Amino acid sequence: MKYWLLLMFLLGCQAAAACNPAPPRPPILEGYRYDAMAAGALLRDADAVVGARLQLRIDTMLGPGEAPDQAGYVFEVIEGWKAVLPRRLTLSGVWVDCALPLETGQVFLLYLAGERLLHAVPAETLDFELDLLGDPAWFYDAGGRLVQDEAD
């Protein structure tokens, strides 16, 4: 009995996942590979699409212990299509796929529905996406100011 309690305690103290090995996926990507058709569907479903650089990972401690209870990622938004987002974007680790290269400085194309990540594409693997998106509707300049077309 004493070992059972120790095992349960140790299992309860494991570190929170910084990412999700099986994150929630939009229906278009369930059983279907990501390609231009899927990207078009994601673009229709997304509130915003942004190019963003991973700045840091945040580990949140909700209670006593050495392991974080939750993890999140902070991105610096560079440019975007559709809705304008703040310069800093924080995503919960539950939406972030562990298969992504999550190194600081890595740039991604992020399809977002509110604060939920629909899909992320590392910049070095972009292919048809920029042709599908066209020119950005807005971007942040070197001084951090939002620049967008006056008609928007």
Potential lengthening between D127 and R44 on full extension [0.36 nm per residue; Cα-Cα distance subtracted] = 28.0 nm
key: Two-site label geometry, R145 and C98: point separation in nm, points 7 Å out along Cα→Cβ   = 4.5
task = Pop out the carbon and sulfur fraction of the accessible area of segment 54-119 as a percent, whole number, probe 1.4 Å.
result = 54
note = In Å², rounded to a whole number, the accessible area per residue of segment 18-146 with probe 1.4 Å is 53
ask   = Cβ under 13 Å from P122's Cβ, P122 left aside: what net charge do those residues give with Lys, Arg +1 and Asp, Glu -1?
value = -4
inquiry  = With θ taken as phi - 60° and the coefficients 6.51, -1.76 and 1.60, list the Karplus ³J(HN,Hα) couplings across segment 101-109 in order, rounded to whole Hz; mark glycine and proline as x.
reply    = x, 8, 8, 4, x, 5, 9, 10, 9
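The values are calculated or read from the model by the stated rules, or taken from the named source; none is laboratory data. Not measured: the values here are computed from a predicted model. Don't worry about glycine lacking a Cβ; one is built from the backbone with ideal geometry, like all the others, and counts go over all protein chains shown. These accessible areas exclude ligands, DNA and RNA; they are computed on the full protein's heavy atoms, side chains included. Shrake-Rupley method; radii C 1.70, N 1.55, O 1.52, S 1.80 Å.
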